[in-house]
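*Asks:* My questions will all concern the structure given below.
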Amino acid sequence: MPLTVTVTGASGFVGSHLCQALVEAGHSVRAMTRHPDTYDGAGDPVYGDVSDADSLGPALDGADAAYYLVHSLDREDFEAADAEAARDFSRAAKAAGVRRIVYLGGLGREDQDLSPHLRSRREVEHLLGEDGVPVTVLRAAIVIGHGGISWEITRQLVDHLPAMVVPHWTTTRTQPIALADAVAYLVGVLEPSEAEGRTFEIGGPEVLTYKQMMQRASMVIKNRPLPMLAVPLLTPRLSSHWLAFVTDVDTETARNLIDSMSNEVVVTDDAITRVVPRRLLGYDDAVRAAMAEREQALAESSAD
């Protein structure tokens, strides 16, 4: 049944693709953005900013469901900022009569000492449902696609360096998922009653270390191996400065992401496969898809 859906972060990495997929599925999409005048993606642009509580009511009014895809990794006080935004969104969704919130969070076992980034994602899960609107949570690790910050770190390191000195966290296991698969899962949990109020873990078909991800990406992108030398004393703080120097990711974002890379993030529950059955892309194919989209974006930019 076609629904009216508000998508936060509509101009972002996942949000822009999600809006397109929802429109193709027949839903009426309100693309919530801070800059509706310049929005050129799928759906109808509507002003909204999760840090401006007064803007949320108009963006959510009349919506059947809402996707929450925003976070604040580029600031030092991101935990407090994200918590306040989630509380405001919960209240606004309840007042607007929203029947379901779908949130893209982060993988990580509850019995781990979660990083501030992952701990914040988990807190947001609970705060979004504080006022009684059912929240469906999808927990993911790295989403492989053009424009994703974590993927861009991998791509730029592979692209810029002929060899690499790597810290200990590159041996941590993760379960990356292709952007197309993450978006399909987000669309797939919108309507089924069995998805309401549940938490699902999503990941691709392969569990890899960050080191293996970079080595495999190097073979796909440059058709050559990437020599690596492990340096155990390269701390997360030093790593963040190193990443900010080698890539275009800012130091604060790099530090918050690296802190999370010491946590193993793999799927331990495959319940999503029974709600949204899907054949998933392998890691190498996900990298090829991300690179193809990047080439297309560069070509379109050059044409403009």
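Rule-based calculations on the coordinates, nothing more; no lab input. The structure presented is a predicted model; accordingly, all values stated were derived computationally and were not measured. Heads up, the Cβs are rebuilt from the backbone with ideal geometry, glycines too, and the neighbour counts pull from every protein chain shown.
*Asks:* Around residue 271, which amide H atoms from residues at least 5 apart in sequence, or from another chain, sit under 5 Å from its own amide H, with H modelled in the peptide plane?
*Replies:* For residue 271, whose amide H was placed from the backbone, the distant partners under 5 Å are 201.
*Asks:* Ok, one more. Provide the FRET efficiency to the nearest 0.05 for the residue 168-residue 250 pair, computing r from the beta carbons and using R0 = 22 Å.
*Replies:* Efficiency, rounded to the nearest 0.05: 0.40.
*Asks:* Can you give the FRET efficiency for residue 123 and residue 196, using 1/(1 + (r/R0)^6), R0 = 22 Å, r = Cβ-Cβ distance, to the nearest 0.05?
*Replies:* The formula returns an efficiency of 0.55 here.
*Asks:* Still on this model: I'd like the orientation of helix 179-188 relative to the chain: the angle between its Cα long axis and the longest Cα principal axis, in ° from 0 to 90, rounded to 10.
*Replies:* Its long axis makes an angle of about 20 degrees.
*Asks:* Rounded to whole Å and sorted largest first, what semi-axes of the equivalent ellipsoid does the C-alpha gyration tensor of segment 1-137 yield via the square root of 5 times each eigenvalue?
*Replies:* That gives 24, 16, 15 Å for the three semi-axes.
*Asks:* Right, here's the next one. Quick check: the distance between the Cα centres of segment 20-39 and segment 79-140, to the nearest angstrom?
*Replies:* Taking the Cα centre of segment 79-140 as reference, the centre of segment 20-39 is 22 Å away.
*Asks:* If amide H atoms are built 1.01 Å from N in the plane of the peptide, which residues on other chains or at least 5 residues away come under 5 Å of the amide H of residue 46?
*Replies:* When sequence neighbours closer than 5 places are left aside, the close amide H contacts are 31, 32, 33.
*Asks:* With +1 on each Lys and Arg Cβ and -1 on each Asp and Glu Cβ, and nothing else charged, work out how big the dipole of the chain is about its Cα centre, in Debye to the nearest 20.
*Replies:* 960 debye
*Asks:* Relative contact order for segment 1-124 using alpha-carbon pairs under 8 Å, separation at least 6, rounded to a whole percent?
*Replies:* 23 percent
*Asks:* What are the principal axis extents of the Cα atoms in the chain, in Å, biggest first?
*Replies:* On the principal axes, the chain reaches 55, 46, 38 Å in Cα extent.
*Asks:* Angle between the Cα long axis of helix 236-246 and the longest principal axis of the chain, 0 to 90 degrees, nearest 10?
*Replies:* 90 degrees
*Asks:* Now for a different question. How much length would be gained if the chain were fully extended between residue 275 and residue 28, taking 0.36 nm per residue of separation minus their Cα-Cα distance, in nm to one decimal?
*Replies:* Gain in length upon complete extension: 86.7 nm.
*Asks:* Sticking with this structure for a sec: Measure nothing but the geometry: give the 0 to 90° angle between the long axis through the Cα atoms of 283-303 and the longest principal axis through the Cα atoms of the chain, rounded to 10°.
*Replies:* 80 degrees
*Asks:* From the C-alpha coordinates alone, can you work out the Kirkwood hydrodynamic radius of segment 104-151, in Å?
*Replies:* Over segment 104-151, the inverse of the mean reciprocal pair distance is 12.0 Å.
*Asks:* On to the next question. What is the list of residues in segment 153-176 whose amide nitrogen lies under 13 Å from a point 7 angstrom out from the Cα of residue 230, following Cα to Cβ?
*Replies:* Under 13 Å, as judged by backbone N against the label point of residue 230, lie 166-173 of segment 153-176.
*Asks:* Okay, next question. Which is farthest toward the positive dipole end of the chain among 258, 47, 128, measuring Cα position about the Cα centre, with Cβ charges +1 (Lys, Arg) and -1 (Asp, Glu)?
*Replies:* Positive-most Cα among the choices belongs to 258.
*Asks:* Which ³J(HN,Hα) values in Hz, rounded to whole numbers, follow from the phi angles of segment 200-215 under the Karplus curve 6.51 cos²θ - 1.76 cosθ + 1.60, where θ = phi - 60° and Gly and Pro get x?
*Replies:* Values, residue by residue: 10, 9, 10, x, x, x, 10, 9, 9, 7, 4, 4, 5, 4, 5, 5 Hz.
*Asks:* Stick to the Cα atoms of segment 116-190, pair each with every other, and give me the Kirkwood hydrodynamic radius in Å at one decimal.
*Replies:* Kirkwood radius, segment 116-190: 15.0 Å.
*Asks:* Additional query: If a/c stays under 1.5 just call it rounded; otherwise compare a/b with b/c (prolate if a/b is bigger, oblate if not). Do that for segment 1-63, with a ≥ b ≥ c from the square roots of the Cα gyration tensor eigenvalues.
*Replies:* Verdict is oblate for segment 1-63.
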